[in-house]
1. Please return the longest stretch of the chain lacking exposed loop sites, where GluC sites (Glu not before Pro) count only if DSSP places them in a loop and at most 13 other Cβ atoms lie within 10 Å.
2. Grab the DSSP H runs of the chain that are 4 residues or longer, score each as -39,500 (n - 2.57), total them, divide by all residues and round the 222 nm result to the nearest 500 deg cm²/dmol.
3. All other residues with a Cβ under 11 Å from the Cβ of V103 taken together, and with Lys, Arg as +1 and Asp, Glu as -1, what is their net charge?
4. Does the range 1-156 come out rounded, prolate or oblate by the C-alpha gyration tensor, with a ≥ b ≥ c the root eigenvalues, rounded set by a/c under 1.5 and, if not, prolate when a/b is larger than b/c and oblate if not?
5. Please return the longest range in the chain lying between exposed loop sites, taking chymotrypsin sites (Phe, Trp or Tyr not before Pro), DSSP loop only, at most 14 other beta-carbon atoms within 10 Å, and leaving the sites out.
6. Taking every DSSP beta bridge with both residues inside the chain, roughly what % is antiparallel (nearest 5)?
7. Based on the Cβ-Cβ distance from N74 to I47, what FRET efficiency comes out when R0 is 25 Å, to the nearest 0.05?
8. When the Karplus curve 6.51 cos²θ - 1.76 cosθ + 1.60 is applied with θ = phi - 60°, which whole-Hz ³J(HN,Hα) does each residue of the range 236-253 get, with x for Gly and Pro?
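Coordinate-derived values only; no laboratory data. The model shown is predicted, which means the values in this text are computed figures rather than measured ones. Neighbour counts are summed over all protein chains in view; Cβ atoms, including those assigned to glycine, are modelled from backbone coordinates with ideal geometry.
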Amino acid sequence: MKISLLQYAPQLNNLQANLDAISALMAPSDSDLYVLPELSNSGYNFIDRQNAFDNSESIEDSIYIQRLMALAKNKNAHIVSGFCERDNDKLYNSSVLINSEGVAGLYRKLHLFLNEKDYFEPGNKGLPVFDTPIGKIGMLICFDWMFPEAWRTLALKGAQIIAHPSNLVLPYCQGVTPSYALVNRCYTATANRIGTEGDLTFTGQSVLSDINGKVVIKGSKDESQLLSAEIDISLADSKYVTARNHVFEDRRNDVYGDLNIGTND
Ligand code: ACM
């Protein structure tokens, strides 16, 4: 299958500009799966909670999602996108999996970064994996990268690819996710934004890694890009890293326990 990572600079308070940028980048392509950045409908660096609220949409009533559905239909594709989600009076930093019929999957960011803690509720949908005609897809969002347990959990649940909409500001993640791909023997697809909003500059370099931790595509630091590659997602079904080493079955849970230990133990 063909996958594309879409790297661009979402604009705060400008849904229409964001939709136009996405449509223009996708126009010449024909992928089966597109991964877009975090908070792609809204921009990131809100001045306060009201500003975040004003930029949010409910899934049922979203111009953004309607437009992505139309794009998914036109391309016969699935789209994973970061989404500033309103659910009654609560806000979530979410990722939606969209096909031609609507929202086929929803994930709400578990690990909130910096000021996100002032605007968003922590995710309450767990770590779901969605079985689609193109493969089993898990989703994480940006700072979730810091928590290897989240990647492991999705892989253990059968995710063949982990789509990772991001607005990265720290310079570490792009070097780390190839290792998550390797140790879980699944694909990882980080679509990161570019540009500056207020005091935050985003680091681009969107990255797709294969099951051996090889970087298949990597974006530039500061350009809008659509980065595409062919992958064989079924390779993620073999968890053998050697003929005698299965990366899940060789784990020693009898020793690790449930990892739920106090930090001072
Ligand atoms: C981040 O989680 N947006 C850094």
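1. Within the chain, the longest run free of exposed GluC sites (Glu not before Pro) spans 102-222.
2. Calculated from helices alone, the mean residue ellipticity at 222 nm is -6500 deg cm²/dmol.
3. Neighbour charge sum, excluding V103 itself: -3.
4. oblate
5. Result, exposed sites excluded: 1-171.
6. Expressed as a percentage, antiparallel bridges in the chain total about 70.
7. In this case the efficiency is close to 0.10.
8. Ordered by residue, 3J(HN,Hα) equals 6, 7, 9, 9, 7, 9, 9, 4, 10, 10, 9, 5, 9, 6, 7, 5, 10, 5 Hz.
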